[in-house]
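Following: one structure in C-alpha cells, then a few remarks.
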Amino acid sequence: STDDQAPLSGHGATQVTSAIAAAARDLLSARGAIASLTPATDADGADVAEAERARVANDADCDLVVSVQVDSGDAAAPALAVYYYGRSEKAFSAAGRSAAEAIGGSLAGAGLGTACTVDARTWDILRATRMPSVRVCFGQTYQAEHRDRLTDPEFQRAIAAAITDGLVGFFAPPEPLEP
C-alpha cells in the first residue's frame, strides 16, 4: 500500500546515497581496496551529470564503477535493483552483468526484507565507461516503509556491507577445478 507522502528525492535522496556509498567505500578500504567517491552534486548543489561521472571514472582508470541511486519518480520501479549496461540479450557488458549479479545476489541474501532484481539498461553511467559499471537503485520510496528503511543508518550500513560483499565476490579469484 502507498501513502500520500512525497517520495524520497532531492537532498534527502542524496544524503541516503552518499551515506551508503561512503560506508561501502570505507568497508572496501578496510579490505585493502582503493575506493573513491565522485560527488553527486556540484558546488552549486546541482546534480553532476552521469556523463561527467563516467568521464571522471575513465580518467581515473577505475576497475569498476558502482553508482547508488534513489529512483523516486517511477512508481513501477522495483524496491531494489542492480543494473548493468545492455541493449539486448546479445549486446551487453558481460563483466558488468557478472558484477551486477554478484552484488544483486549479495543484496538478496543479506536479509534486507526486499527482493532484488538484476536487469540491463543503457544509462550513461553504464554505457559511457570503459570499465564494468553497475547501478544499485532503490525505488518505491513513495511508500513510507521504504523511505523509513532507506533513511535508517543501520539499514544503510547493511546495504553497504552487502554491496561490499558482492564486490569482493566479483573480484575474488575463481575456485580451482578439482581433477
(message) As I understand it, the value is the acute angle between the Cα axis of helix 153-171 and the longest principal axis of the Cα atoms of the chain; what does it come to in degrees, rounded to 10?
(response) 20
(message) Can you list residues from other chains, or at least 5 along the same chain, whose modelled amide H is less than 5 Å from the amide H of Ser133?
(response) Val65, Tyr85, Gly96
(request) Taking the Cα centre of the chain as origin, work out the dipole magnitude from +1 charges on Lys and Arg Cβ and -1 charges on Asp and Glu Cβ, in debye rounded to 20. (result) 400
(request) Highest first, please rank the peptides 162-170, 48-56 by the mean number of other Cβ atoms sitting within 10 Å of their residues. (result) 162-170, 48-56
(message) Taking the 0 to 90 degree range and rounding to the nearest ten, how far is the long axis of helix 10-30 tilted relative to the main principal axis of the chain, both from C-alpha atoms?
(response) 30
(request) Pick out, from Val68, Ile103, Leu80, the residue whose Cα sits farthest towards the positive end of the charge dipole of the chain, with +1 on the Cβ of Lys and Arg and -1 on the Cβ of Asp and Glu. (result) Ile103
(request) Out of all DSSP beta bridges with both ends in the chain, state the antiparallel percent to the nearest 5. (result) 40
(request) Would you tally the net charge around Asp59, using a Cβ to Cβ cut-off of less than 13 Å, leaving Asp59 out, and scoring K and R as +1, D and E as -1? (result) +1
(request) Please get the size of the charge dipole for segment 20-67, origin at its Cα centre, with Cβ charges of +1 on Lys and Arg and -1 on Asp and Glu, quoted in debye to the nearest 20. (result) 260
(message) Rounded to the nearest percent, how much of the accessible area of the chain (1.4 Å probe, protein heavy atoms only) is carbon and sulfur?
(response) 50
(message) Taking R0 as 45 Å, what FRET efficiency do you get between Ala60 and Glu178 from their Cβ-Cβ distance, rounded to the nearest 0.05?
(response) 0.70
(request) Would you tally the net charge around Ser133, using a Cβ to Cβ cut-off of less than 13 Å, leaving Ser133 out, and scoring K and R as +1, D and E as -1? (result) +4
(request) Would you mind getting the accessible area per residue of segment 51-108, heavy atoms of the protein chains only, 1.4 Å probe, in Å²? (result) 47
(request) Would you tally the net charge around Leu27, using a Cβ to Cβ cut-off of less than 15 Å, leaving Leu27 out, and scoring K and R as +1, D and E as -1? (result) 0
(message) Across segment 46-145, what fraction of all alpha-carbon pairs, as a whole percent, falls in each successive 10 Å bin from zero upward?
(response) 17, 45, 32, 6
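The values are calculated or read from the model by the stated rules, or taken from the named source; none is laboratory data. Here the structure is a predicted model, which is why all the values come from computation and not from measurement. A quick note on method: Cβ atoms are made from the backbone with ideal geometry, for glycine too, and the neighbour counts reach across all protein chains shown. Just the protein is used for accessible areas: all its heavy atoms, side chains included, with ligands, DNA and RNA removed. Shrake-Rupley method; radii C 1.70, N 1.55, O 1.52, S 1.80 Å.
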